[in-house]
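Working notes for the structure below.
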Amino acid sequence: MPDDVPIIRMGQNLLVTLQGNLEDTTVEQIERAVTREVARTRATGVLVDVNGLSMVDSFVARVIARLVAMVRLLGAQATIVGLQPAVAITLVELGVPMAHVRTALNAEQGMARLRGSHDELVD
Amino acid sequence: MGYGGVGVSAELSYYQQMIDSITEHEVIRLDDKGVVCSWHPGAERLTRYAADEIIGRPLSVFYTEEDMVANRMEQELRTAAELGRCETEGWRVRKDGTRFWATVTLTPIRDGHGTLVGYVKIARDLTERREQLLAAQAVEQMLDAITDYEVIRLDKDGYVRSWSSGARRLKQYTEEEVLGHHMSMFYTEEDARAGLADRELSAAVRDGRFETEGWRMRKDGSRFWANVTLSPIRDETQEVIGFVKVARDLSERREQEQLVQRQRDEILELSTPVIQVWDKVLVLPVIGTLDSLRAARLTEGLLERIALNQAEVVILDISGVPAIDTDVAQHLLKTVEAARLMGSVSILSGVRPETAQAIVHLGIELGNLRSRNSLRDALQLALQIVGAGVAAEREPVNA
């Protein structure tokens, strides 16, 4: 992934799309870009769309969990959307700690959840 | 020393020495009546008689009783005299009475006027070679008796060198139709073109044995699923001189395996149905015992349906599961977590009192698992969640 990490601003929320293969260098770029953008826009929610990731292993899973933690530290809420069935099984089997990561089926539902109107029921 | 004719001249002595040096054959002279006139170490070695015991006795002492009764000696001498040569193979008897399988050549000796004065007899012990031959024939017969397997010999380049009844039965070719042909004639067109036969032979040489399964062709063009084993044959210098190929037809077994697999798939499919009961709400009634295969299949099927229907809520109804052990409980919780990672909420339903006790006694971490006693309650909660989602989407409009 080049310097231009695709981050789209939607009102008070940001949509980050992760695609292809994640490597050490791209992960750093993504973390830098996302944290900077959250701080700059004072976003309240970040949607991380992982549907386009070609492979999710424990490394990528930890990257996702880390990104979520950074967003939380900046005072925003993060939600992972678009996780594939095989990926979900892999993550559970690998035992990657994802308990505190919020999830949604798709960007639309993720946005709705970020608005936080039915948190009590969902989490 | 000297057996028989004492050296009249140096030339004769040389001949005698030459004959004395022959140890693998018996080379002796007989008179015109078949009486032994000369002897040498090779003859002694073969029949165990010393020169003084045998010279002057008739050739018939070497014959078996049956052959003597049948006048074989006279017949053979007459044939030799008439045709100039008589070659026979048969049992002969040693001094100690033991038998050996001999090949015997009788040639007449004539004087300057053409008068018969005697015979030269050359004999050799072929007992061992005969046994080897019989053993080889026995092996051949044995291989031929194996009708369920094809057991054939190939040369080092994969050309067919022997054929068997099993091979004939399997591939329908007769011996004449395949001997000298390359083994690739039994392969499918694609396999033959891809040089599969040569690769398999190389693998057999490299690993000392090669076993494979695949499609092979019969003479009539039909295919069968074959199990094939190739083993190299090596000579004393370890050089590969050919291969033994054993093949059998596994078509029937393969079909049965596929049938069983298909049925198993169908049963799994039937036993883990996912039902959409409401927009974005799925119910998975788990019925019967959950083994690891079924459990994995269940999770897979459920997650795929979540992605397909974009289901927000999944109800896992376990009222039809007879017993919950650690493995099953762990698996259900993993399914719940995987569904959550995809963005779906799970509700466990149909937990019976004893099941509740068992799960807690097993010490399984429940996390923030939602659970309801009945499917009805679970469905109510599900609708509440989905309904709340709808309300949430409307909210900004109203606000």
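The values are calculated or read from the model by the stated rules, or taken from the named source; none is laboratory data. On a predicted model such as this, the values are computed, not experimentally measured, just so you know. Please note: Cβ atoms are built from the backbone with ideal geometry, for glycine as well, and neighbour counts cover all protein chains shown.
Annotations
- Test result for B:Tyr14, under 51 Å from the mean Cα position of the chain (by Cα) and among the aromatic types (Phe, Trp, Tyr): no
- Scanning region B:61-107 for residues that are in contact with a Cys (Cβ under 8 Å, 6 or more places away or on another chain) and part of a helix (DSSP H, G or I) returns B:Glu76, B:Leu77, B:Thr79, B:Ala80.
- Screening A:Val38 on (1) assigned to a loop (DSSP other than H, G, I, E, B); (2) farther than 26 Å from B:Asn309 by Cα; (3) at pLDDT 85 or above shows it passes everything except condition (1).
- Here A:Ala39 meets the list (1) exposed (fewer than 14 other Cβ atoms within 10 Å of the Cβ); (2) over 29 Å from B:Val336 (Cα atoms); (3) under 12 Å from the mean Cα position of the chain (by Cα); (4) hydrophobic (A, V, I, L, M, F, W, C) almost entirely, failing just condition (3).
- Matching option when the condition is touching a helix residue (DSSP H, G or I) at 6+ places or on another chain (Cβ under 8 Å) and either small (Gly, Ala, Ser) or away from chain B (no Cβ under 14 Å) (or both), among A:Thr17, A:Thr103, A:Thr25, A:Thr44: A:Thr44
Every residue, every condition in (1) at the interface with another protein chain (Cβ under 9 Å from one of its Cβ atoms); (2) more than 26 Å from A:Arg102 (Cβ to Cβ); (3) not hydrophobic (A, V, I, L, M, F, W, C), yes or no:
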{"position": "B:Ala323", "(1), (2), (3)": "no, yes, no"}
{"position": "B:Gln330", "(1), (2), (3)": "no, no, yes"}
{"position": "B:Lys334", "(1), (2), (3)": "yes, no, yes"}
{"position": "B:Arg340", "(1), (2), (3)": "yes, no, yes"}
{"position": "B:Glu354", "(1), (2), (3)": "no, yes, yes"}
{"position": "B:Gly363", "(1), (2), (3)": "no, yes, yes"}
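- Counted residues, region A:65-93 - those being among the aliphatic types (A, V, I, L, M), modelled with pLDDT of 85 or more and under 12 Å from A:Val48 (Cα atoms): 7
- Residue in region A:8-25 that is closer than 20 Å to B:Gly343 by Cβ, among the acidic types (Asp, Glu) and not in a helix (DSSP H, G or I) present: no
- Answer residue from region B:296-318, given it is touching a Lys or Arg at 6+ places or on another chain (Cβ under 9 Å) and of a type in the set (A, V, I, L, M, F, W, C) and is farthest from the other protein chains (Cβ to nearest Cβ) among those: B:Ile318
- Test for A:Met55: is it more than 13 Å from chain B (Cβ to nearest Cβ), closer than 25 Å to B:Ile306 by Cα and part of a loop (DSSP other than H, G, I, E, B): yes
- Of A:Val81, A:Val63, all but one fail to be hydrophobic (A, V, I, L, M, F, W, C) and either more than 7 Å from chain B (Cβ to nearest Cβ) or free of Cβ contacts under 8 Å to residues at least 24 places away in the same chain (or both); the exception is A:Val63.
- Test: residue in region B:375-387 that is at pLDDT below 85, within 14 Å of chain A (Cβ to nearest Cβ) and farther than 30 Å from A:Val56 by Cβ: yes
- Checked against the criteria, B:Leu282 counts as within 14 Å of chain A (Cβ to nearest Cβ), crowded, with 16+ Cβ neighbours inside 10 Å and at pLDDT 90 or above.
- Answer from B:Ala247, B:Ala323, B:Ala295 - the residue that is touching a residue at least 24 places away in the same chain (Cβ under 8 Å) and either in a helix (DSSP H, G or I) or closer than 28 Å to B:Gln384 by Cβ (or both): B:Ala295
- B:Ile233 satisfies every condition listed in (1) touching a residue at least 60 places away in the same chain (Cβ under 8 Å); (2) farther than 30 Å from B:Leu154 by Cβ except (2).
- Taken as a whole, the condition of being under 25 Å from B:Arg153 (Cβ atoms) and basic (Lys, Arg) does not apply to B:Arg264.
- Scanning region B:231-242 for any residue that is polar (S, T, N, Q), touching a helix residue (DSSP H, G or I) at 6+ places or on another chain (Cβ under 7 Å) and farther than 30 Å from B:Leu308 by Cβ turns up at least one such residue.
- Residue in region B:289-298 that is among the polar types (S, T, N, Q) and surrounded by fewer than 24 Cβ atoms within 10 Å (Cβ to Cβ) present: yes
Residue-by-condition table, conditions (1) small (Gly, Ala, Ser); (2) more than 23 Å from B:Gln137 (Cα to Cα); (3) under 17 Å from the mean Cα position of the chain (by Cα):
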residue: B:Gly166; (1), (2), (3): yes, no, yes
residue: B:Tyr173; (1), (2), (3): no, no, no
residue: B:Glu189; (1), (2), (3): no, yes, no
residue: B:Arg199; (1), (2), (3): no, yes, no
residue: B:Trp215; (1), (2), (3): no, yes, yes
residue: B:Ser222; (1), (2), (3): yes, yes, no
residue: B:Ser231; (1), (2), (3): yes, no, yes
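- Exactly one residue out of B:Glu74, B:Glu53, B:Glu89, B:Glu24 is modelled with pLDDT of 90 or more and within 19 Å of B:Asp125 (Cα to Cα): that is B:Glu89.
- Hits in region B:108-143 - residues which are crowded, with 16+ Cβ neighbours inside 10 Å and of a type outside the set (A, V, I, L, M, F, W, C): B:Pro108, B:Gly118, B:Tyr119, B:Lys121, B:Arg124, B:Asp125
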